[in-house]
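Read through the structure below, which is laid out as structure tokens, and then see the notes.
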Amino acid sequence: MIQKGFSWQENGDHHVWVYRNGVAPEQTVTRKFGRLNSFYGNAGSAADTNITDFENLIQGFIQETRAKPDGYELDTRLSASLVSHLEMRSLFLRDEISRLGDRVAKFILDKMSSKKHYTMMMSSYLTNHPELLDQQMEKHGIAAELRPAVREAFMLALPQKLKESASDMAVLAQQLYRMMSESLAETAKSSHNKALEGDFSEIDRTRSHLQMTFRVFRATDAELILPDTSLAFFRESGCAPVSNKGDRVEAVVVPLAKRVAIVGRRDPNFVRDSSTIRRALASCAHEAFLSNVTSPELQALSRRIGKNARLISEADLAKIVRFERLLKV
């Protein structure tokens, strides 16, 4: 429904140009772009049914909005629900969930593969959890009066024993990482589909978006594009295709056609021209954006694809996942 706003009709189909970073634009039809069989589970699954029901509900609202004048105030609940729906259903979100899990797992297992870091981690863990050694001494019937001496001897011998076992742990860590990587994608898909089974008008994202005022935006100085993520959130810290809890969101843009978008404003003073919005939309694309035309200008714009398509930046992840934090577990 939304892709058709960026298409032209030919031979009974709606055609679009697909822009990807670093390659020439490619022509396809809307019924094929972004289609992945069983992405939301088998036909008739709870997620698939819920999405279809919502699409049937919202398509009239989308069509009517395209015909409204600039500045027309829209139904808040329907607009907020549409934003949440588009945030949650995308390939971008699923890929990022999987990629984030993979990045964290790789960080931890890389540390376990290092003799130095493995020794520090295990020594720290046993120091932070003395009850583990107490349980073993209890299990083996060591008298209470001997336990302080046994503990001291164990902790003195521990660093050398850990160094001796580090090589074996490095091999095991790589095996664990391969096993985890294979399962992360399936886990992400299962979690994603489960989240898509609920009422989009009742989830926390929608409740947050209800604080915005939604109006029609009609582009004048530049035609809009449709990123594969469908959205651009303007935040104090930059743009993003999804909102995170705690974000200071100023506005969200939902492009519906080359000259029409929904703009939800939390900041009543938020104003951006069409060219700025188009650049933001390109930067929030995950892999591609759509247009009904080819032009050198859009091809240059395709270099921005993926720039802001991150749930968590590398810098923020580095702050969250630190080796020093592992030593406090």
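Electrostatic tally near T30: other residues with Cβ closer than 13 Å to its Cβ, Lys and Arg +1, Asp and Glu -1, net +1. Under 10 Å from the Cβ of A288, count the other residues' Cβ atoms, weight Lys and Arg +1, Asp and Glu -1, and hand me the total. Every neighbour counted, the sum reads -2.
With a threshold of 26 Å on the Cα-Cα distance, the over-threshold entries among K194/K245; K68/K258; K68/K194; K32/K68; K258/K307; K4/K194 are K68/K194; K32/K68; K4/K194.
Which shape class applies to segment 1-84: rounded if a/c is under 1.5, otherwise prolate when a/b exceeds b/c and oblate if not, where a ≥ b ≥ c are the square roots of the Cα gyration tensor eigenvalues? In terms of gyration-tensor shape, oblate.
Readers should treat all values here as calculations from the given coordinates under stated rules, not as data from a laboratory. Keep in mind the model is a prediction, meaning the values are calculated, not measured. Note that we place each Cβ from the backbone using ideal geometry, even for glycine, and neighbour counts take in every protein chain shown.
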